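The values are calculated or read from the model by the stated rules, or taken from the named source; none is laboratory data. Keep in mind the model is a prediction, meaning the values are calculated, not measured. Neighbour counts run over all protein chains shown; Cβ positions are idealised from the backbone, glycine included.
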Amino acid sequence: MIIDEAYQILKSAFLLKHPDLKIDEVRVGVNLTAVKLSNHRLGLASTLKDIYVYSDKSMRDYGSFTPLRIEGMKVTELFETTKKSALISTLRIAVLNAITTEILDSGQYHIVRNTDPFEMIRLLPNQTVTIVGAFHSYIKKVAALGNPLHVLELNPDALNHEHKQFYVPANGFRTVIPNSDVIIITGLTLVNGTLDGLLSVVSPKSQVVVTGPSSCIMPEVLFSHRVDIIGATYITKPELLFPMVSQAATGFHLFEYCAEKVCILAK
């Protein structure tokens with residue numbers, strides 16, 4: 001899986017030099033989860049929620065990566081635990097984002113600051129666009145241009161009434177993605193583990209964008225899986241991040257108060 005590939009690269013290129021890197025602070029909000037590592041790097045991910053919460057005593061867990069058992073844990077412990085939960089999946093992406101921010105500062109990637117990834121797309125008339133996730137601003141822009149459009153979503157009610165004509169059930173991705181010229185994918189697919197399947201059916205001719213707060217993980221891994229543009233979130237006012245996450249911030253709140261959009265391009 002993409003997450004496993006990213007971790008193995010980070011482990012050999014970064015964590016071997018920093019084996020004691022830990023999670024210093026974590027904030028799990030309704031929409032976003034933020035972490036601060038012991039090297040002071042910050043990372044974000046969309047919050048994934050478990051469908052069921054078990055109250056039976058035999059199912060209760062007070063061990064590692066449960067409340068009061070997260071902060072102080074090593075990054076290697078997070079990725080090498082055999083435990084599975086929505087929280088662990090979320091934390092892994094947030095931590096990968098945090099570590100990747102340090103690598104991005106090395107200057108080895110083509111980065112365009114303060115730019116929305118939609119501005120980087122080469123969209124021609126009549127090209128088919130598929131959007132994975134209800135990105136309302138992108139849906140409006142493509143609809144206004146008149147290009148053929150599909151919006152893959154689990155919940156049809158996530159689309160505005162005037163855009164429901166573009167709705168395609170999420171499990172229909174094998175039908176629409178191979179025939180799309182431009183594909184814009186929410187970074188939440190990294191958290192819920194569906195990105196691998198989506199990218200496996202992408203046509204070599206397509207332009208692919210992965211964007212959102214969860215997207216900034218080891219660019220070369222995403223590029224090797226046919227991604228052309230990564231829409232990342234760069235925190236400009238770190239002191240506001242945790243309070244905002246605690247107050248149910250979403251991406252557009254971050255961009256208003258404490259972050260800017262950054263595009264990472266495949267060279």
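Summary table below
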| item | result |
| --- | --- |
| Checklist (1) in contact (Cβ under 8 Å) with a residue 40 or more places away in the chain; (2) farther than 30 Å from residue 200 by Cα applied to residue 5, failing item | (2) |
| Residue satisfying all of: in the range 131-182; of a type in the set (S, T, N, Q) and out of contact with any Asp or Glu (no Cβ under 9 Å at 6 or more places or on another chain); surrounded by the most Cβ atoms within 10 Å (Cβ to Cβ) among these | 180 |
| Listing of strands (runs of 3 or more DSSP E) fully contained in the range 1-88 that carry 1 or more residues being hydroxyl-bearing (Ser, Thr, Tyr) | 32-37, 42-46 |
| Tally of residues being in contact with a helix residue (DSSP H, G or I) (Cβ under 8 Å, 6 or more places away or on another chain) and either loosely packed, with under 15 Cβ neighbours inside 10 Å or not assigned by TED's automatic domain parsing to the domain that holds residue 68 (or both) across the range 81-95 | 0 |
| Residue check, residue 33 of a type outside the set (A, V, I, L, M, F, W, C) and touching a helix residue (DSSP H, G or I) at 6+ places or on another chain (Cβ under 7 Å) | yes |
| Residue in the range 52-72 that is modelled with the highest pLDDT, counting only those that are farther than 21 Å from residue 245 by Cα and hydrophobic (A, V, I, L, M, F, W, C) | 59 |
| Checking residue 93 against (1) among the β-branched types (Val, Ile, Thr); (2) within 22 Å of residue 248 (Cβ to Cβ); (3) without any contact (Cβ under 8 Å) to a residue 60 or more places away in the chain, the condition it does not meet | (3) |
| Test: residue in the range 32-42 that is more than 21 Å from the chain's Cα centre (by Cα), surrounded by fewer than 17 Cβ atoms within 10 Å (Cβ to Cβ) and at pLDDT 90 or above | yes |
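Residues are listed down the side, and each one gets a yes or a no for (1) within 16 Å of residue 138 (Cβ to Cβ); (2) aliphatic (A, V, I, L, M); (3) outside the structural domain of residue 134 (by TED's automatic domain parsing); (4) surrounded by fewer than 24 Cβ atoms within 10 Å (Cβ to Cβ):
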site: 208; (1), (2), (3), (4): yes, yes, no, no
site: 238; (1), (2), (3), (4): no, no, no, yes
site: 246; (1), (2), (3), (4): no, no, no, yes
site: 251; (1), (2), (3), (4): yes, no, no, yes
